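Structure first, commentary second.
The values are calculated or read from the model by the stated rules, or taken from the named source; none is laboratory data. Keep in mind that what you see is a predicted model, and the values were worked out from it rather than measured. Backbone-built Cβ (ideal geometry, glycine too); neighbour counts: all protein chains shown. Remember, those area values only see protein heavy atoms, side chains included, never the ligands or the DNA or RNA. Shrake-Rupley method; radii C 1.70, N 1.55, O 1.52, S 1.80 Å.
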Amino acid sequence: MHRITLINGDGIGPEISQSVMDIIKASGLEIDWDIQTAGADVIEQEGTPLPKRVLDSVRKNKVALKAPVTTPIGKGFRSVNVQLRKELDLFANLRPCKNLPGVKTRFDGVNLVVVRENTEDLYAGVEKQIDDDTAHSIKIITRGASERICKFAFDYAVKNDRHEVCCVTKANIMKLSDGLFLECFRKISQDYPQIKPREILVDNLCMQLVQAPTRFDVLVLPNLYGDIVSDLTAGLIGGLGVAQGANIGLDCAVFEPVHGSAPDIKGQNKANPTALLLSAVEMLKYIGEKTYAVKIEKALFKTLSEGFKTSDLGGNLSTTEFTQKVIENL
Ligand code: NAI
């Protein structure tokens, strides 16, 4: 039996985690979940939002499914998500973005993948208050991390029968930092003659994504642009409730949705579990349980195609009712 760490998060995290555990169980696949709490709720007892036991558990089990964890804005503790990715060296954040059956959106045929660098850039957390009126945040881009993520993007393209990798920067303005990222992309692209390399500035990318998203295939971006652009691409396929993701490193992988803890709908049985479920489907493929992964994905797609949806997709089902429909379709 697989032992997998489950970080069940806060906000809507516990509700959608329960839904996903119920669906996987109903599929017939037995998972020994190693449930680990993290975030604001554990600070009082353990003095940190990310206790060592959580990291130890992921290191030991090698695979984790993670629901969202709240990060206080402007003050308070450092993001558990950023810390987790950094501590476990989960350098690649993979966010596939493809239209779902039954979810009508502005564009058909969207099928792109955001590959976001996960360990540095402005998310390194190197910030300094200079005086009352000035704060500095340092953007860190290194050759090692940039080459590694570009190589990951090209390898992903080869393995997944993709044809193009597009490097997204603002190298016209940040000539040294984004310039280095672009230089690394150009160098790595030479090792993959079968994949077309393409370059675009992030502002132009955003404009083109909302006009013609089918023009894009694999995108590789430094951390901050990747974070922002992947919310935009989530919007192209029906919103945050359906956007899946994964953080991949050399030793372990943490699968998690793009969305946050959605405090506005916490505890109301309203959250859409689809994004976490699709992240779990990718996780099952990753651990070699492809048959169950496909079975669950089919049941989910059937449910959506039949018009059963949570309110974020214009439906009227609660989290638990939607979960039940997916289980019936398994
Ligand atoms: P959010 O993604 O939590 O919510 C944005 C909007 O989308 C809200 O209206 C919410 O109700 C809706 N939404 C999100 N997920 C949904 C779902 N599954 N079903 C239905 N509606 C859904 O973003 P927000 O409000 O900016 O962040 C809230 C907290 O989450 C913050 O503390 C933030 O730092 C944290 N966060 C955590 C992440 C993680 O754990 N990986 C990722 C992004 C944000």
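Annotations for the structure displayed:
- Selection of first residues in the stretch 146-163 that are more than 11 Å from ARG186 (Cα to Cα) and in a helix (DSSP H, G or I) and of second residues that are at pLDDT below 95 and not charged (D, E, K, R), restricted to Cβ pairs under 7 Å at least 6 apart or on distinct chains, gives an empty result.
- Single unsatisfied condition, VAL42 versus (1) open to solvent by 20 Å² or more (accessible area, probe 1.4 Å); (2) under 12 Å from VAL80 (Cβ atoms): (1)
- Flag for VAL58 being away from the ligand (no atom under 14 Å from the Cβ) and in contact with a Cys (Cβ under 8 Å, 6 or more places away or on another chain): yes
- Candidate set from the stretch 310-330 (those that are in contact (Cβ under 8 Å) with a residue 40 or more places away in the chain, of a type outside the set (Ser, Thr, Tyr) and within 14 Å of the ligand (Cβ to nearest atom)); member that is most open to solvent (accessible area, probe 1.4 Å): ASP312
Okay, residues lined up against (1) within 14 Å of the ligand (Cβ to nearest atom); (2) touching a helix residue (DSSP H, G or I) at 6+ places or on another chain (Cβ under 7 Å); (3) over 22 Å from ILE265 (Cα atoms); (4) not acidic (Asp, Glu):
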position: ILE7; (1), (2), (3), (4): yes, yes, no, yes
position: ILE12; (1), (2), (3), (4): yes, yes, no, yes
position: ALA38; (1), (2), (3), (4): yes, yes, no, yes
position: GLN45; (1), (2), (3), (4): no, no, yes, yes
position: VAL54; (1), (2), (3), (4): yes, no, yes, yes
position: VAL63; (1), (2), (3), (4): no, yes, yes, yes
position: LYS66; (1), (2), (3), (4): yes, no, no, yes
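- Only a single item in (1) buried (at least 18 other Cβ atoms within 10 Å of the Cβ); (2) closer than 27 Å to ALA124 by Cβ is not met by CYS206, and it is number (1).
- Within the stretch 17-36, residues that are over 17 Å from LEU300 (Cβ atoms) sit with their Cβ atoms under 7 Å from residues that are open to solvent by 50 Å² or more (accessible area, probe 1.4 Å) and part of a helix (DSSP H, G or I), at 6+ positions apart or across chains, in these pairs: GLN36/ARG53.
- Subset of the stretch 73-101 (residues that are open to solvent by 20 Å² or more (accessible area, probe 1.4 Å), more than 27 Å from LEU304 (Cβ to Cβ) and away from the ligand (no atom under 14 Å from the Cβ)): GLU87, ASP89
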